[in-house]
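The values are calculated or read from the model by the stated rules, or taken from the named source; none is laboratory data. Just so it is clear, the model here is predicted, and its values are computed rather than measured. Every residue, glycine among them, receives a Cβ derived from its backbone with ideal geometry; neighbour counts consider all protein chains shown.
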Amino acid sequence: MTKNGTQLTYLSSWSLYDNYANYVGDAWYRRTVNKPSYTDDERVLLRFEAAYYDTDVWFNGHFLGNHKGGYTPFEFDVTELLQQTNTIAVRNDNTYSVGAWYYWGGLTRDVSLIVDSAVRIVRQKFVAEPDLISGQAHIKTEVTIENMSKTDRTVQISGDFSDLNDNRATAVPFTTQFDQSNSIDIPAGQTRSLSLSATLNASQYKLWHFDHPNLYRSNVQISPGNYRVSDRVGIRKIELRGTDFVLNGEKVRLNGYNRVSDDRAHGSVEPLHVIRRDMDRMKAAGANLSRIMHYGQHPALLDYADEKGMLLTVEVPVWGKKRICLSQVTRKSTKISMNYCNEIGITPRYLHGRSPTK
């Protein structure tokens, strides 16, 4: 709902409407939701996948906090504030604009009330190092676990590497590094990390290539309990030999397109069918590479590129006079930004000599 009360679809940009195409300032959203079911060992979170740009959030009249950044997710724990019927109020300000960032005001990605385990996995940092001579692949995942409960917790972390169908018969179990214990102590309200690894034989995997994008699953589980996270991953080796780009030992020629996320019908709200349409058209035209926009992309785009066999070259969002955008990328260690840094290119001159890693 805009400042003077015009009704809008909650997942949209008001900049698409003729009356507000040039409007810069506050807009207010309001919605009621019912209390979800949850157990004593779960927490209820109000999660925003993106809102442009400066956002304040209230839940049942309680101010939850502020978020700045138009393309990164944020969330609030609302467990202690829940009632049978709950009111969410959001103030969204699209004043900020820099470089090629157009001020598409609004809640531009999904908003969800989710129930999650009090002890949860917030990130997998998956790294694969295939040996093209022996055929083996050494894989490692650094798992970050968050304890949202009010007491210290001790949990066990286990996991495995499986095919996309999660076939248990052929899954390869992860082990802890240097045979360390898979048990980890996590103080209340804090996070801890643990590394798991495995070695695959040549018969246990196939390399990812843009002509045959083989994908697998990295599965991690917390016990006690049945909390489990499964992320799709691929194994590939990229090298630069002089001016040659080498993928899995093969010199390849890259060709593709620049994709701008803004859409004339949807603004910066990217429905899944629009993302897939664009990627399908590029792939059908013979592309194997796409330069994507210089801000946090929709996770569905990154996943679909893996699935279709499309390499991505990315940049950090530091256009314009103000460079606070770089601090947003480095400060917000979200899954999106961590995955970003695992793509094949980040414009190095903007990183002040620091080498990005996933």
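Among the conditions (1) in the same structural domain as ASP166 (by TED's automatic domain parsing); (2) modelled with pLDDT of 95 or more, the only one that VAL246 does not satisfy is (1). ILE88 meets the conditions (1) of a type outside the set (D, E, K, R); (2) assigned to a loop (DSSP other than H, G, I, E, B); (3) over 30 Å from GLY225 (Cα atoms); (4) touching a residue at least 24 places away in the same chain (Cβ under 8 Å) in every case but one. The failed one is (2). Against the numbered list (1) of a type outside the set (A, V, I, L, M, F, W, C); (2) at pLDDT below 95; (3) part of a strand (DSSP E or B), TYR71 comes up short only at (3).
Out of all the residues in region 1-60, which are assigned to a loop (DSSP other than H, G, I, E, B), of a type outside the set (A, V, I, L, M) and modelled with pLDDT under 90? Give the derivation first.
Keep residues of region 1-60 that are assigned to a loop (DSSP other than H, G, I, E, B), which gives 1, 3-10, 12-13, 17, 21-25, 35-41, 49-51, 53, 60.
In the following step, the residues that additionally are of a type outside the set (A, V, I, L, M) were identified as 3-7, 9-10, 12-13, 17, 22-23, 25, 35-41, 49, 53, 60.
Those that are assigned to a loop (DSSP other than H, G, I, E, B), of a type outside the set (A, V, I, L, M) and modelled with pLDDT under 90: LYS3, ASN4, GLY5, THR6, GLN7, THR9, TYR10, SER12, SER13, TYR17, ASN22.
Of all the residues that make up region 124-175, how many are hydrophobic (A, V, I, L, M, F, W, C) and assigned to a strand (DSSP E or B)?
Filtering region 124-175 down to residues hydrophobic (A, V, I, L, M, F, W, C) leaves 126-128, 132-133, 137, 139, 143, 145, 148, 155, 157, 161, 164, 169, 171-172, 174.
Subset that is assigned to a strand (DSSP E or B): 126-128, 137, 139, 143, 145, 155, 157, 161, 172.
Qualifying residue count, region 124-175: 11.
Residue check: is GLY256 under 24 Å from the mean Cα position of the chain (by Cα) and buried (at least 18 other Cβ atoms within 10 Å of the Cβ)? Judged against the criteria, GLY256 is a match.
Name the single residue that is nearest to the chain's Cα centre (by Cα) among those in region 59-74 being surrounded by 17 or more Cβ atoms within 10 Å (Cβ to Cβ) and under 17 Å from ARG31 (Cα atoms).
Going residue by residue through region 59-74, those that are surrounded by 17 or more Cβ atoms within 10 Å (Cβ to Cβ) are 59, 64, 67, 69-74.
Then keep just the ones that are under 17 Å from ARG31 (Cα atoms); that gives 59, 64.
On the way: PHE59: 25, LEU64: 22 Å.
The selected residue is LEU64.
Look at SER218 and say whether it is outside any loop (DSSP other than H, G, I, E, B), outside the structural domain of TYR304 (by TED's automatic domain parsing) and of a type in the set (Gly, Ala, Ser). Against the criterion (outside any loop (DSSP other than H, G, I, E, B), outside the structural domain of TYR304 (by TED's automatic domain parsing) and of a type in the set (Gly, Ala, Ser)), SER218 qualifies. Any residue at all in region 266-281 that is at pLDDT 95 or above, small (Gly, Ala, Ser) and out of contact with any His (no Cβ under 6 Å at 6 or more places or on another chain)? Taking every residue of region 266-281 in turn, none turns out to be at pLDDT 95 or above, small (Gly, Ala, Ser) and out of contact with any His (no Cβ under 6 Å at 6 or more places or on another chain).
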